[in-house]
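Before any comments, here is the structure.
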Amino acid sequence: QLTPSSFLRIGQLSNVDLNEDIRELETEVPRQRPNEIPHNEKLLSLKYESLDYDNSENQLFLEEERRINHAAFRTVEIKRWVICAMIGILTGLVACFIDIVVENLAGLKYRVVKDNIDKFTAKGGLSFSLLLWATLNASVVMVGSLIVAFIEPVAAGSGIPQIKCYLNGVKIPHVVRLKTLVIKVCGVILSVVGGLAVGKEGPMIHSGSVIAAGISQGRSTSLKRDFKIFEYFRRDTEKRDFVSAGAAAGVSAAFGAPVGGVLFSLEEGASFWNQFLTWRIFFASMISTFTLNSVLSVYHGNAWDLSSPGLINFGRFDSEKMGYTIQEIPIFIFMGVVGGILGALFNALNYWLTMFRIRYIHRPCLQVVEAMLVAAVTATVGFVMIYCSRDCQPIQGSSVAYPLQLFCADGEYNSMATAFFNTPEKSVVNLFHDPPGSYNPMTLGMFTLMYFFLACWTYGLTVSAGVFIPSLLIGAAWGRLFGISLSYLTKGSIWADPGKYALMGAAAQLGGIVRMTLSLTVIMMEATGNVTYGFPIMLVLMTAKIVGDYFVEGLYDMHIQLQSVPFLHWEAPVTSHSLTAREVMSTPVTCLRRIERVGTVVDILSDTSSNHNGFPVVESNPDTTQVAGLRGLILRSQLIVLLKHKVFVERANLSLVQRRLKLKDFRDAYPRFPPIQSIHVSQDERECMIDLSEFMNPSPYTVPQEASLPRVFKLFRALGLRHLVVVDNRNEVVGMVTRKDLARYRLGKEGLEELSLAQT
């Protein structure tokens, strides 16, 4: 599909008539234009590697495990619990930091703008206030976007798709680095203060994961510091389990929902699960929400009153005032349908927008300009809506943080301003809890419409920001509108309380956009502090998911697909039983002999065209003609460590090797193994031999070539493999199955389709 020449042509610039290009976008995937990055969703990128979730059980590993006695194993287990506690505490503290800084900076901004507006309302010239507001927003967002675009592009967006991929077993470059965490936290603060239609909840999940990955390794590669603790955990298996705990701690700090966090890790993330892991993850989540709660309570000056378990609190929903009756169930289901349709619309718009961004806005400077544009437009839209709104409400008895009077009578405030002139979290809580009659239906309708498009345009910008809160806000607005119209129809009967419908609308909209079911139900239940609503929320989310999936897939899955990540779902495609391992596998396989020339190894590793990461090891008998049987599997990273330490047969015979290599040498090189180009091998050393017997994994997983695709898929997915060797009936290697070979097959509209691979 993509020729090499089209990649060479990207560098040249030419001016493009934009209108013509947009027309072209609608008709077909456009012809390769010189200044656009060719991109097609029917591709899988080859730049993503798999994680080695499966331990290599070579002789070194077995010797070490046999040396460890029962007491040492207990120490390791205690260390795991300690790490989980530290993950919880640090994630909670990061959440506190974000919350306090955002509250102060946003408060400062809104006070400045409010004083300015009050001043100019009296003497005319409100356009200055608009300019001030837009400039403040754009400049704050500019800083937030600059650091993301130029320092760490992985920190853009909510980070949930990236963490989902990491837990699925895909190694996304830089995703769990310390630098990413710093940029993420600063970026979130700046984009929320900059008044974009974003939330600070989604990025907490990414932050928690980075913290987990960092602590569990006991060192920082970015700071070049090694603390010499937790060395046992320096491998993908352990790191990945801790990252799922970090993601759960992030959710629980964001929503005050520890159980929801565990279920989020289970539903969205971890491909591998066991009882002990669940219990440790729950522990980390609890610690995280408790830390956040205690620190924020002290900060708000009531140290003993633990009243803020998460970054967003929906406030208490009282069952007496807000129960529901059996005849409301169909109404809730209908709201779920609406949420599913609106969510699908949101995703479809965002899909086209992201495709456009990938093609044309791929230069960092353009991305920063776009982010500033969105910030200025958001401020302008908010200002114009507040200016044109004639919806006045009495101030007394209402809890508005920054009441704007504008053209209302004295003692009244503009009710559109409560929605726009506030951080999104506060607006959500207002929509849930303000007494009936606080909002004009016209106000809510206009707000929903504008905010829908703003949120859709904002998601996918080069800033760190989550999509949770904007979708809750859109849903709460149209849900409240729905509730108000219901009470009109039923002549104001008691059960049509707008707050309850705002909650259901919020659930429906969020479910329609991200399509999470189990964890989202529990998160909503924990955030409202009310179990009564469990059943209606579940119904609403199920309906929204079923309806939405009929049109397009969820937002996160869509972005994973747009980045061409080889993501493995829970099951193989339904109609794939006709395919066998022989048709799926990659051939030819580069095999190594058990005692191999060093020169051969170096040449194979330096070969950029193949760039394999796992090599089957076969018996070395040069005298016979037939292909030798499979003896084991060795990884590129292990070979590099062997070459670096020059573990050659000849040197061992001359006793030049000081000591035997230990597993520690492999762990110290993890996770950034040096590239083969940096290892110098002299001409004489190329003639030496290297013995792979004690370093290779002598029992790799194999499948016969007749095995069906679902069977291969199940084995690969359930054990988290990176390489699966395909053998014939004489145990000779005929092929190798890796993640890309399985992720290539997808169920499309017409049935099973095969994606092509590209070196993007």
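Taking only DSSP H segments of four or more residues, each worth -39500 (n - 2.57), what value at 222 nm results for the chain once the sum is divided by all its residues, to the nearest 500 deg cm²/dmol?
That calculation yields -17500 deg cm²/dmol at 222 nm.
Probe 1.4 Å, all protein chains in place: accessible area of residue 570 in Å², nearest 10?
Around 150 Å² of this residue is reachable by solvent.
So which aspartates and glutamates can residue 714 reach, going by Cα to Cα under 12 Å and dropping same-chain residues fewer than 8 places off?
571
Distance between Cα centroids, the stretch 707-747 to the stretch 442-508: provide it in whole Å.
Using only Cα atoms to place each centre, the spacing works out to 46 Å.
For the chain, what does the relative contact order come out to in percent, with C-alpha contacts under 8 Å and a separation of six or more?
Details: 1362 pairs, mean separation 134.3, N = 760.
After rounding, I find 18 percent.
For the pair residue 718 and residue 532, what calculated FRET efficiency results from E = 1/(1 + (r/R0)^6), where r is the Cβ-Cβ distance and R0 = 30 Å, to the nearest 0.05?
Calculated value: 0.20.
Kindly express, to the nearest 10 degrees and within the range 0 to 90, the angle between helix 709-719's C-alpha long axis and the longest C-alpha principal axis of the chain.
That works out to roughly 80 degrees.
So which lysines can residue 123 reach, going by Cα to Cα under 21 Å and dropping same-chain residues fewer than 8 places off?
Of all the lysines, those that pass the test against residue 123 - Cα under 21 Å, at least 8 places apart if same chain - are 114.
Can you list the HN-Hα couplings for the stretch 354-364, worked out from phi with the Karplus curve (6.51, -1.76, 1.60; θ = phi - 60°), rounded to whole Hz and with x for Gly and Pro?
5, 4, 4, 5, 4, 6, 10, 10, 9, 8, x
Can you flag which of 239/662; 164/500; 184/644 are past 27 Å Cα-Cα? Kindly include the intermediate steps, with their values, before the conclusion.
Values: 239/662 20 Å; 164/500 32 Å; 184/644 35 Å.
With Cα atoms farther than 27 Å apart: 164/500; 184/644.
When the label point is put 7 Å from the Cα of residue 120 along its Cα-to-beta-carbon vector, which residues of the stretch 352-390 have a backbone N closer than 14 Å?
Within reach of a label on residue 120: 379-388.
Using percent of Cα pairs over 53 Å apart as the read-out, say which of (1) 39; (2) 17; (3) 32 was calculated from these coordinates.
So the calculated entry is the one marked (2).
If you count only protein heavy atoms and use a 1.4 Å probe, how large is the accessible surface of residue 407, to the nearest 10 Å²?
Spelled out: residue 407, probe radius 1.4 Å, area about 110 Å².
Can you pull the accessible area of residue 434 for me, 1.4 Å probe, Å² to the nearest 10?
30
Ignoring ligands, DNA and RNA, please state the percent of accessible area on the stretch 581-757 from carbon and sulfur, probe 1.4 Å.
On the way: 4490 of 8760 Å².
C and S atoms contribute 51 percent here.
Can you work out ³J(HN,Hα) from phi for every residue in the stretch 97-111, in order, using Karplus 6.51 cos²θ - 1.76 cosθ + 1.60 and θ = phi - 60°, giving whole Hz and x for Gly and Pro?
Going residue by residue, I get 4, 4, 4, 5, 5, 4, 4, 5, 5, 5, x, 4, 4, 5, 5 Hz, with x marking Gly and Pro.
Return the distance in nm (one decimal) between the two label points of a simple spin-label model at residue 668 and residue 222, each offset 7 Å from Cα along Cα→Cβ.
It is 2.5 nm.
Counting only heavy atoms of the protein chains, get the accessible area per residue of the stretch 412-552 (1.4 Å probe) and round it to a whole Å² value. Each step should come with its number before you reach the end.
Working: 4230 Å² over 141 residues.
Result: 30 Å² per residue.
Multiplying the sequence separation of residue 433 and residue 45 by 0.36 nm and subtracting their Cα-Cα distance, what value in nm do you get?
135.0 nm
So for 299, 459, what's the accessible-area order with a 1.4 Å probe, most first?
Working: 299 90, 459 20 Å².
Descending accessible area places them as 299, 459.
Below 8 Å, C-alpha to C-alpha, sequence gap of six or more: please give me the relative contact order for the stretch 361-499 in percent.
This gives 23 percent for the stretch 361-499.
Might you list the cysteines of the chain that have no disulfide-compatible partner by the rule of another cysteine's Cβ under 4.7 Å?
84, 96, 165, 186, 365, 388, 456, 591, 688
Order the following by accessible area, largest value first: 79, 239. Probe radius 1.4 Å; ligands, DNA and RNA are ignored.
79, 239
Taking a ≥ b ≥ c as the square roots of the Cα gyration tensor eigenvalues, with a/c under 1.5 meaning rounded and otherwise prolate when a/b beats b/c, else oblate, which class fits the stretch 581-757?
prolate
Using the Karplus curve 6.51 cos²θ - 1.76 cosθ + 1.60 with θ = phi - 60°, work out ³J(HN,Hα) for each residue of the stretch 686-694 in order, rounded to whole Hz, and write x for Gly and Pro.
4, 7, 5, 10, 10, 9, 8, 4, 8
List the residues whose amide H sits under 5 Å from the amide H of residue 222, counting only those 5 or more places along or on another chain, with H placed 1.01 Å from N in the peptide plane.
Amide H neighbours of residue 222, under 5 Å, 5+ apart: 178.
For residue 200, go through the aspartates and glutamates and keep the ones whose alpha-carbon is under 17 Å away, minus same-chain ones fewer than eight residues off.
99, 103, 425
The values are calculated or read from the model by the stated rules, or taken from the named source; none is laboratory data. Worth saying up front: this structure is predicted, and the values here are computed from it rather than measured. All Cβ positions, glycine included, derive from the backbone under ideal geometry; neighbour counts span all protein chains shown. Heads up: the accessible areas ignore ligands, DNA and RNA and are worked out on the full protein's heavy atoms, side chains in. Shrake-Rupley method; radii C 1.70, N 1.55, O 1.52, S 1.80 Å.
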